[in-house]
Amino acid sequence: MSRSRTAVLAALALVAGASGTALAVVPGDPGIAAIPCSVDYKVQNDWGSGFTAAVTVTNNSAAKSSWSVKWAYAGSQKVTNAWNAKVTQSGTAVTANNETYNGTLATGGSVSFGFQGTYSGSNAIPTAFTLDGVTCNVDGGTGTPTDPGTPTDPGTPSTKVDNPYAGAKVYVNPEWSAKAAAETGGSRISNQPTGVWLDRIAAINGVNGGMGLRAHLDAALAQKGSGEEVVQLVVYDLPGRDCSALASNGELGPTEIDKYKTQFIDPIAAILADSKYAGLRIVTTVEIDSLPNLVTNTGGRPTATPACDTMKANGNYVKGVGYALNKLGAIPNVYNYIDAGHHGWLGWDDNFASSAQIMYQAATAEGATVDDVHGFITNTANYGALKENNFTINDSVAGKSVRESKWVDWNRYVDEQSYAQAFRNQLVTTGFRSNIGMLIDTSRNGWGGAARPTGPGATTTVDTYVDGGRYDRRIHLGNWCNQAGAGLGERPKAAPAAGIDAYVWMKPPGESDGASSAIANDEGKGFDRMCDPTYTGNPRNNNNMSGALSNAPLSGHWFSAQFQQLMQNAYPPL
């Protein structure tokens with residue numbers, strides 16, 4: 001359901017005249033007055049007790065560096081949350097102020113924002129709006145009612161490009177941005193683009209009054225302007241999800257592959273295929289922490305779990321990823337990137353090539369082909385250092401190779417960039433297209449602050465050399481939950497190195513990896529001892545302490561103490 005408030009010029013002229021607003025003259029026709037601003041207010045969905053609305057403001061006067069739109073309700077409407085604007089309400093009066101990233105409003109330019117609200121009785125549409133105190137019309141001054149069924153023109157669909165991040169802005173999630181900006185010092189990074197996580201079926205339409213997928217895509221169109229815009233989605237709800245980590249278990253049981261297809265992937269694909277969004281470049285990170293588990297945590301290995309053995313036996317990880325790639329890859333403006341673990345997981349000889357093979361198996365399952373895969377992403381929601389500059393895999397100290405150190409432990413890679421570039425080559429060798437690109441999640445791998453080494457460690461032993469010089473300050477590479485001492489990493493950037501499409505912040509900084517103690521919830525999330533700072537470990541981290549922060553909330557929930565630490569230890573520094 002969609003309704004729009006419109007007004008005729010005659011009525012507008014009365015309003016403008018009553019308010020004393022000066023009307024500019026339309027060039028070329030001295031007899032017609034131009035309207036200083038116009039507002040289009042559309043009710044998009046209305047379910048009887050609540051609604052969502054989209055507002056587009058066009059500025060026909062002098063360019064602005066900030067803006068404020070005001071209106072009043074005649075009924076009981078209450079705004080509960082908003083995106084692309086800071087919306088406040090006092091009684092019936094509503095004020096929408098710009099966010100930090102969309103304050104510029106050129107002459108003739110437009111800006112859009114949206115919100116969700118509640119009401120009882122009738123949901124009458126407001127009759128008057130102001131922009132910075134100047135009365136606006138509602139229909140652009142044409143006198144012609146706006147067609148409520150006509151979406152905002154998204155622009156001409158673009159052909160698929162080699163690197164979707166090249167020459168494009170990347171979507172700033174207004175919900176994350178608002179949380180970041182509310183933190184002391186958070187405004188320094190609140191305009192950074194982060195991933196939108198679709199981690200359960202309910203997230204498609206929005207959870208607890210939050211933005212759903214369409215709301216995010218609409219907000220992205222509003223941010224897009226006349227240029228290119230990337231939207232980053234994390235598609236993350238496989239049956240039996242994350243078989244080796246209880247903190248990120250999901251809502252679907254191991255056998256619920258049909259539900260995954262019909263209630264999760266199919267609705268997402270239907271929304272992404274809407275022609276309204278054809279002008280966006282939609283990047284999907286497909287099912288993190290899934291396929292690598294089938295290699296490293298199955299088959300009698302010390303790290304194996306019964307749950308991972310089950311998922312390997314029933315094939316539903318492979319089927320689910322293949323189905324997602326097939327359905328999403330059929331949409332011309334969608335770019336699929338498969339999760340490829342990280343160097344501290346798949347960098348060892350017995351994991352490296354076999355992981356690429358199982359990814360190829362998934363990419364050719366359920367109707368998918370390698371042409372449905374645009375690339376791969378490493379380090380998603382993890383902490384592996386981007387580049388270790390104080391030692392290399394080829395160094396030797398006191399007659400021993402760096403590979404023999406406790407930290408490296410015979411791995412062939414010491415950082416994410418070298419791993420991502422090498423794994424890309426392995427994937428091409430396995431059968432993927434030669435033009436695939438890699439993404440590296442740098443949201444929490446900066447490892448700056450006072451503990452950041454300024455040079456190599458002492459050459460007393462190979463361990464003093466590596467431990468004294470490594471940026472990554474984790475106790476063990478297998479530690480993954482809310483790591484103490486971590487910092488924000490490189491800011492999102494397109495084409496930073498050979499074979500790398502972009503550094504991205506796919507994991508929104510400040511969102512917890514998992515609760516540090518058991519918390520009852522309806523999100524399907526269990527308690528993983530790796531998130532408990534008192535835990536002494538398991539074979540996956542060689543029985544070391546977990547290194548996790550205390551007092552953490554459920555995975556995905558806001559963790560203020562972690563966010564503050566990430567800013568404090570950022571590298572490059574803020």
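Structural remarks
- The listed peptides 551-564, 286-299, ordered by packing as a protection proxy, come out as 286-299, 551-564 (highest mean of other Cβ atoms within 10 Å first).
- If you take the alpha carbon atoms of region 411-495 and fit the smallest convex hull around them, that volume is 133 Å³ per residue.
- Think of the chain as a dipole: +1 on every Lys or Arg Cβ, -1 on every Asp or Glu Cβ, centred on the Cα centre; then among Q232, I257, A54, A54 lies furthest on the positive end.
- Entries in K327/K387; K224/K261; K224/K259; K261/K507; K42/K259 that, when Cα-Cα distance is taken, lie over 27 Å: K327/K387; K224/K261; K224/K259; K42/K259
- The Cα trace of region 424-470 gives Rg and Dmax of 17.4, 45 Å, the first to one decimal, the second as a whole number.
- log₁₀ of I(q)/I(0) at q = 0.08 Å⁻¹ - the chain, Debye sum with one point per alpha carbon: -0.58
- Between T303 and N394, the contour length at 0.36 nm per residue exceeds the alpha carbon distance by 30.0 nm.
- Qualifying trypsin sites (Lys or Arg not before Pro) in region 431-501, where qualification requires a DSSP coil assignment and no more than 14 other C-beta atoms within 10 Å, comprise R433.
- Cβ-based charge dipole, the chain, positive-most Cα from Q421, L213, A128: A128
- Taken about its Cα centre, the chain carries a charge dipole of roughly 620 debye when the Cβ of each Lys and Arg holds +1 and the Cβ of each Asp and Glu holds -1.
- Sparse packing (at most 15 other Cβ atoms within 10 Å of the Cβ) combined with a DSSP loop state is found for the following chymotrypsin sites (Phe, Trp or Tyr not before Pro) in region 375-419: W410.
- Taking region 166-221 and dividing mean pair separation by its residue count, relative contact order in percent (alpha carbons under 8 Å, at least six apart): 29 percent
- Size of region 30-126 as Cα extents on the principal axes (Å, biggest first): 45, 35, 23
- Note: relative contact order over region 298-436, using C-alpha pairs below 8 Å and six or more positions apart, is 27 percent.
- Each part gets one Cα centre, and for region 434-510 versus region 389-425 those centres are 14 Å apart.
- Using a probe of 1.4 Å, the accessible surface attributed to I500 totals some 10 Å² when neighbouring protein chains are kept in position.
- Accessible area of the chain belonging to carbon and sulfur atoms, whole % at 1.4 Å probe: 52 percent
- Per residue, the chain exposes 38 Å² of accessible surface when a 1.4 Å probe is rolled over the protein heavy atoms with every protein chain present.
- The Rg/Rh ratio of region 294-395, with Rg taken over Cα atoms and Rh as the Kirkwood radius over Cα pairs, comes to 1.03.
The values are calculated or read from the model by the stated rules, or taken from the named source; none is laboratory data. These figures come from a predicted structure and were not determined experimentally. Methodologically, a virtual Cβ is constructed for each residue, glycine included, from the backbone with ideal geometry; neighbour enumeration extends over all protein chains shown. Heads up: the accessible areas ignore ligands, DNA and RNA and are worked out on the full protein's heavy atoms, side chains in. Shrake-Rupley method; radii C 1.70, N 1.55, O 1.52, S 1.80 Å.
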